[in-house]
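Structure record follows, encoded as structure tokens.
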Amino acid sequence: MQIAHNSVAAFHYTLTDDQGQVVDSSEGREPLTYLHGTGQIVPGLEKQMEGRSVGDKFNADVSPEEGYGVHHDELIQEVPKDAFQGVEDIQPGMQFQGRGPQGEINVTVTKVEGNTVFIDGNHPLAGQALHFAIEVTDVRAATAEELEHGHVHGAGGHHH
């Protein structure tokens, strides 16, 4: 069976950046399982998964536009430290969830100077090309319940 719209696919991956540094990997873990055609993985990778079968091994390069998006300077802001009520020691790298004009947004603290906290609402991989090494481990038809719920159930997926 080939990966197609409304199929469930599982794959092992290693994600590297332009310098060849490993950013993320499924090594030592269960493969990533997703419902194909529903936007659960970045669009550029989902396009390259289409038509693949169990056992396929391939490299997929994904542009920022089809990955985590381009970097938006307007998502970098300075916020007063007292906006982080209840947080004693704010450090670079910490992540918080906040509210923006489009709803909830995840932000990362990039630096702290005195009473000012610099935050970035871009995804940490925004603006970066993504390089995946992929091995497809399973492909099957989605169940009616998975299609209704919009996600995978069972092994590697959601449990109700």
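The values are calculated or read from the model by the stated rules, or taken from the named source; none is laboratory data. Everything quoted here is computed from the prediction, not taken from an experiment. Cβ sites come from the backbone with ideal geometry, for glycine too, and all protein chains shown count toward neighbours. Note: accessible area is taken over every heavy atom of the protein model, side chains too, but ligands, DNA and RNA are not part of it. Shrake-Rupley method; radii C 1.70, N 1.55, O 1.52, S 1.80 Å.
Structure values in brief
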item: Intensity falloff of the stretch 1-112 expressed as log10 I(q)/I(0), Debye formula with alpha-carbon point scatterers, at q = 0.16, 0.17, 0.24 Å⁻¹; result: -0.94, -1.00, -1.38
item: Accessible area of the stretch 1-155 belonging to carbon and sulfur atoms, whole % at 1.4 Å probe; result: 47
item: Inter-label distance for Glu74 and Asn6, nm, one decimal - labels placed 7 Å from Cα along Cα-to-Cβ; result: 3.8
item: Thr108 versus His131: modelled label distance in nm, points set 7 Å from Cα along the beta carbon direction; result: 1.9
item: Peptides 84-93, 37-46, 65-74 ordered by average Cβ neighbours within 10 Å, highest first; result: 37-46, 65-74, 84-93
item: Accessible solvent surface per residue of the chain, calculated while the other protein chains remain in place, 1.4 angstrom probe, Å²; result: 60
item: Table column - 3J(HN,Hα) (Hz), the stretch 68-82, Karplus curve with 6.51, -1.76, 1.60, x for Gly and Pro; result: 9, x, 7, 7, 10, 4, 5, 8, 9, 9, 9, 10, x, 4, 6
item: The chain, relative contact order [Cα under 8 Å, separation at least 6], %; result: 35
item: Magnitude of the charge dipole, the stretch 21-160, Cβ model with Lys/Arg +1 and Asp/Glu -1, debye to 20; result: 140
item: Whichever lysines have a C-alpha closer than 20 Å to that of Lys57, once near sequence neighbours (fewer than 8 apart) are set aside; result: Lys47
item: Residue among Gly39, His123, Ser53 farthest towards the positive dipole end of the chain, charges placed on Cβ; result: Ser53
item: Sequence of Val8, Val54 from largest to smallest accessible area, 1.4 Å probe; result: Val54, Val8
